[in-house]
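Structure first, then comments.
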Amino acid sequence: MNVPCGKEAIGELFNKVAPIYGTVGPETFVLFGNALVNAAAILPGCRILDLACGRGAVLFPAAELAGPTGSAVGIDISRSMVDHLNREIAGRGCSTIETVVMDAENLHFDDNSFDYVLCGFGIFFCPNPILALKEALRVLKASGIIAISTWEGMEMRRKTICDALAALPYAINAKEATRMLPKGFDSEGEIRKNLAIAGFSDISVRVETGIFFYRDEEEWWSAQWSHGIRSVLESIEKQAGKDALYRYKQMVFQSLQKNREAEGIRQEMRALITVGKK
């Protein structure tokens, strides 16, 4: 697949994180993936498309609800992510799931092909998310359902990252460092507006809160290398070197102390779960 210029960096980032994506620390994607699937109210025998499917946190529970008479297709711009997911699919013996390396802004499916389009924490990585939503609308059948999850506002994890970045005593271009962090779709008003622009109706938005515990600061740090925040850490090292990244790590660890409890480092994450209809 030819990835248009500007999307190559996204594909490369997730190619790097794919081997450990969702496997370090608490199972945050599993909890929110199940919440998204439940909100979509998937019926047996339906056909599902999962955009930016990652390692299957949404795809697997969705396919299970669709049952043996249904089917699910997962697409992702990262070939490595799809390769790792395929090994998991084979290991589970999931015969109703297929995967494709594909750009969510250019879906290679016919009009009116799916009953549901799902996207867990992926729509904001699209350079043109409205185009991706319009593509989702196109491939949905009449009265088909879209369900997406996004992070709410300046959620705690991102705030920790950005606060420490701002306090670094090094010449860091913060805009460059955070350019691949999720942007947009972090308020109910913005989500409703964007889905309406794309052509969806009957839009509902609710907040899903998850409380997670990391064993210690090192596990929290390792987890950040396993998803999109890795881009921030790599940018710090690229711009200012290993010493700056080490200093940044120490500042983050200090900030995390206020979240330390008997069970470990407490992290509250809040997601917006949005459902709309074609």
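The values are calculated or read from the model by the stated rules, or taken from the named source; none is laboratory data. The shown structure was predicted, so the numbers you read here are calculated from the model rather than taken from an experiment. Note: ideal-geometry Cβ built from the backbone for every residue, glycine included; neighbour counts use all protein chains shown.
General remarks:
- Pair list, Cβ under 6 Å, 6 or more apart: the stretch 62-77 residue in contact (Cβ under 8 Å) with a residue 60 or more places away in the chain, other residue among the charged types (D, E, K, R) and surrounded by 18 or more Cβ atoms within 10 Å (Cβ to Cβ): Ile77/Asp103
- If you go through the stretch 208-235 and keep only what is in contact (Cβ under 8 Å) with a residue 40 or more places away in the chain, within 12 Å of Leu13 (Cα to Cα) and either of a type in the set (D, E, K, R) or part of a loop (DSSP other than H, G, I, E, B) (or both), you end up with Trp225, Ser226, His227, Gly228, Ile229, Arg230.
- Flag for Arg157 being crowded, with 16+ Cβ neighbours inside 10 Å, among the basic types (Lys, Arg) and in contact (Cβ under 8 Å) with a residue 60 or more places away in the chain: yes
- Subset of the stretch 160-187 [surrounded by 16 or more Cβ atoms within 10 Å (Cβ to Cβ) and under 18 Å from the mean Cα position of the chain (by Cα)]: Ile161, Thr178, Met180, Leu181, Pro182, Phe185, Asp186
- Taken over the stretch 27-83, the criterion of being assigned to a helix (DSSP H, G or I), within 26 Å of Leu131 (Cβ to Cβ) and in contact with a Ser or Thr (Cβ under 7 Å, 6 or more places away or on another chain) is satisfied by Phe32, Leu36, Val82.
- Any hit, the stretch 128-150, residues being surrounded by 15 or more Cβ atoms within 10 Å (Cβ to Cβ), modelled with pLDDT under 95 and either of a type outside the set (A, V, I, L, M) or within 25 Å of Val232 (Cα to Cα) (or both): no
- Among residues of the stretch 1-14 that are closer than 11 Å to Ser78 by Cβ, those with a Cβ under 6 angstrom from a residue that is surrounded by 11 or more Cβ atoms within 10 Å (Cβ to Cβ) and at pLDDT 85 or above, sequence gap 6+ or separate chain, pair up as Met1/Val101; Val3/Gly11; Ile10/Phe125; Gly11/Ile77; Gly11/Ser78; Leu13/Ser231; Phe14/Ser78; Phe14/Met81.
- Members of the stretch 247-278 that are free of Cβ contacts under 8 Å to residues at least 60 places away in the same chain, over 13 Å from Glu218 (Cα atoms) and among the hydrophobic types (A, V, I, L, M, F, W, C): Ala262
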